[in-house]
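No value in this document is a laboratory result; all are computed from the given coordinates. Here the structure is a predicted model, which means the values were calculated and not measured. Cβ placement follows ideal geometry from the backbone for every residue including glycine, while neighbour counts extend to all protein chains displayed.
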Amino acid sequence: MQGVPDIEALELLVAAVRRGSISAAARDCGVTQQSASVRLRGIERQLGMELLLRTPRGVAPTAGGETIASWAEDVLAGAERFRAGVETLRGESSRELTVAASQTVSAHMIPEWLVALRDRQVRAGRAPTAVRLLTANSTEVEALVREGTADLGFIESSAVPAGLSRTTVRMDALTLVVAPSHPWARRQAIPIEEVAGAELVAREAGSGTRQTWEDAVRRIIGRDAVAPAVVLPTSAAVRMAAAEGLAPAVLSTLAVADDIRLGRLVEVPLEGLPIARPITALWRGGARDLASVSRELVEVAAE
């Protein structure tokens, strides 16, 4: 339609207004920051008005930009209804969705998301999607998505892979835990340098939890953490080994919450800022290549 920006451009505008950042909007839409900036300038030229105020801290909508962005949301919602309707006619909306998720996401987040997805589809009068879940570490999830085995992936790593579209759905904090009998259990807080110099129980290489911890150590103290005392393949095994006093462990707060509550493990606060990592959704192609049911699950996860 002449005089109306295309759907991809409107998605960028809405994302920039929502996130307050062109770089964040670019990541959400699966394009480079330079491309996003050019597209947004193009919308302003096309409409003949300034939509975004650009500052070193990010962007904010002008009065006109805020109005245009709200109208754009209506257009995008209509486009999504159109696409969902076409997929329903083709019989695709109820097909099986294969999701690959890292262990923390699979155990502590995906079940809640799938219940919410089913409720949303039933309320809309649609047949619930059958979801096949593959559990792996973050590196393996990336490979499953890249090779097409999984339609959608969720990883918990501080390192985000290139060549796949992605969006952050939430953040997850890491917690240092020890057995109640461990000397650190009586500490009010502990420096990260001391923990980095101790042998821990850890997940295997490729685990998002392990990579986040090791990346944080290098970023904060400028050197590598010492090698683990033992490497185990699951978070449950790491928790058990730590609870039996083998060595401390750094795991997702979600993964250790019940053990802390029941007294099997003791949380030891780290001095300084908390260590957190993004939970990131991955898929092949660009923002417009995310199928309707996959988009629904990403929206549920972000809620």
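For the reader, a short list of remarks on this structure follows.
- The Rg/Rh ratio of the chain, with Rg taken over Cα atoms and Rh as the Kirkwood radius over Cα pairs, comes to 1.04.
- Between the C-alpha center of the stretch 231-248 and that of the stretch 123-144 there is a gap of 27 Å.
- Within the chain, longest stretch free of exposed trypsin sites (Lys or Arg not before Pro) [DSSP loop, at most 11 other beta carbons within 10 Å]: 58-222
- Considering only Cα atoms, the convex hull volume of the stretch 7-90 works out to 91 Å³ per residue.
- Among residues other than VAL160 with Cβ under 12 Å from its Cβ, the summed charge is 0 (Lys and Arg +1, Asp and Glu -1).
- Size of charge dipole - the stretch 7-90 - debye, nearest 20, with Cβ of Lys, Arg +1 and Asp, Glu -1, no other charges: 260 debye
- Qualifying GluC sites (Glu not before Pro) in the stretch 108-181, DSSP loop, other Cβ atoms within 10 Å at most 14: GLU147
- Estimated inter-spin distance, THR135 and THR234, nm [label 7 Å along Cα→Cβ]: 0.6 nm
- By DSSP, the beta bridges lying fully in the chain are antiparallel in about 60 percent of cases.
- You can think of it this way: the chain between LEU47 and ARG19 has 7.9 nm of extra reach, that is 0.36 nm per residue less the Cα-Cα gap.
- Positive-end extreme of charge dipole, the stretch 194-269 - chosen from ALA237, GLY222, ILE260 (charges on Cβ): GLY222
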